[in-house]
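Data first, discussion second: the structure below is written as structure tokens.
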């Protein structure tokens with residue numbers, strides 16, 4: 001069986017091919033016109049009219065030369081974090097007369113190191129037809145979507161350009177080696193955390209707040225539109241593993257005239273339902289962090305203020321009345 005994902009469901013998954021997670025191209029047969037790592041950029045591709053370099057027209061993506069012999073081009077991608085791949089998007093935007101007619105995707109799992117000539121690859125996406133200047137979203141069959149992968153091989157037949165490779169899935173972490181006494185960021189994308197829902201993300205996507213490192217600018221956080229009606233804005237996160245949260249960091253880095261006035265957090269141990277139903281389930285979750293006054297461009301650390309709710313699986317971050325936050329860290333101990 002193969003689950004089909006709509007646009008909203010894809011937003012609940014993590015783009016494992018995001019260079020911000022440490023994903024990189026470690027081998028490519030040819031990238032004469034456009035360097036292969038460009039296709040892993042988290043930003044949307046752009047067109048630069050009239051811009052050329054020594055090798056030809058500048059393109060925002062990976063582009064190989066016109067092949068004059070048998071064979072095809074491919075790029076080996078090392079994921080920044082191993083993951084279960086649910087769907088992929090082979091994006092050819094702005095590639096019109098130079099896109100590949102078809103492409104396929106292979107994967108492997110290597111606990112330590114990188115692929116060699118002896119590595120056995122599994123075809124998780126058979127060759128699919130491509131069109132120019134288009135998204136090509138394909139779900140991965142369940143038997144491949146439910147196992148983790150560390151490396152991908154994108155094959156393009158026979159040559160051409162790909163603007164972006166998006167690999168939607170759930171990060172994989174072997175929690176069996178995690179000490180029950182050690183604090184870990186349970187919400188981090190690298191630990192399997194996911195942003196599931198929010199009421200508004202006009203200026204910045206909700207998943208940014210669980211990305212690694214400091215935010216690079218306001219666009220690298222979650223920011224809502226200016227609220228003109230009563231109420232408050234919110235975002236719901238699924239933790240990578242159930243655990244008891246003991247320390248919380250909420251960072252408003254870069255948000256100076258548009259930070260929230262206050263914030264609070266609710267939490268719950270969710271045992272039923274689906275991701276699509278999480279908004280309704282969150283209505284009466286318990287308070288994990290009471291409302292706290294926020295400051296601009298600052299890390300806010302909470303420990304004594306955090307209530308002991310025991311193990312939880314999901315949190316709802318409320319901002320009053322609106323505004324932007326850069327990062328959220330939920331430090332806790334895993335539960336069985």
- Taking the range 15-37 and keeping residues within 21 Å of residue 137 (Cα to Cα) and out of contact with any helix residue (DSSP H, G or I) (no Cβ under 9 Å at 6 or more places or on another chain) leaves 16, 36
- Message: Criterion first (at pLDDT 95 or above, farther than 27 Å from residue 218 by Cβ and within 23 Å of the chain's Cα centre (by Cα)) does residue 241 satisfy it?
- Response: yes
- Note on the structure: Residues of the range 242-268 being surrounded by fewer than 15 Cβ atoms within 10 Å (Cβ to Cβ) and either at positive phi or part of a loop (DSSP other than H, G, I, E, B) (or both), in sequence order, are 256, 257, 261
- Of the candidates 113, 97, 80, the one satisfying the condition of being free of Cβ contacts under 8 Å to residues at least 40 places away in the same chain and either farther than 21 Å from residue 157 by Cβ or not in a loop (DSSP other than H, G, I, E, B) (or both) is 113
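Test residue 323 against the stated conditions and say whether it is buried (at least 17 other Cβ atoms within 10 Å of the Cβ) and farther than 23 Å from residue 185 by Cα.
For residue 323, the condition - buried (at least 17 other Cβ atoms within 10 Å of the Cβ) and farther than 23 Å from residue 185 by Cα - is met.
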- Query: Somewhere in the range 230-240, is a residue assigned to a strand (DSSP E or B) and surrounded by fewer than 18 Cβ atoms within 10 Å (Cβ to Cβ)?
  - Reply: no
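Could you tell me which of the residues 273, 257, 240 is assigned by TED's automatic domain parsing to the domain that holds residue 203, over 18 Å from residue 188 (Cα atoms) and touching a helix residue (DSSP H, G or I) at 6+ places or on another chain (Cβ under 7 Å)? Walk me through how you get there before you give the answer.
Working: 257 fails: touching a helix residue (DSSP H, G or I) at 6+ places or on another chain (Cβ under 7 Å); 240 fails: over 18 Å from residue 188 (Cα atoms).
Being assigned by TED's automatic domain parsing to the domain that holds residue 203, over 18 Å from residue 188 (Cα atoms) and touching a helix residue (DSSP H, G or I) at 6+ places or on another chain (Cβ under 7 Å) holds for just one of 273, 257, 240, which is 273.
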- Tell me, please, whether a residue that is at pLDDT 95 or above and part of a strand (DSSP E or B) can be found in the range 60-72. yes
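Tally the residues that are farther than 30 Å from residue 175 by Cβ and within 19 Å of the chain's Cα centre (by Cα), restricting the search to the range 59-102. Give the derivation first.
Going residue by residue through the range 59-102, those that are farther than 30 Å from residue 175 by Cβ are 59-75, 90-102.
Going one step further and asking which of them are within 19 Å of the chain's Cα centre (by Cα), we end up with 61, 90-91.
Matching residues across the range 59-102 total 3.
The values are calculated or read from the model by the stated rules, or taken from the named source; none is laboratory data. All values reported here derive from a predicted model rather than from experimental measurement. Note that we place each Cβ from the backbone using ideal geometry, even for glycine, and neighbour counts take in every protein chain shown.
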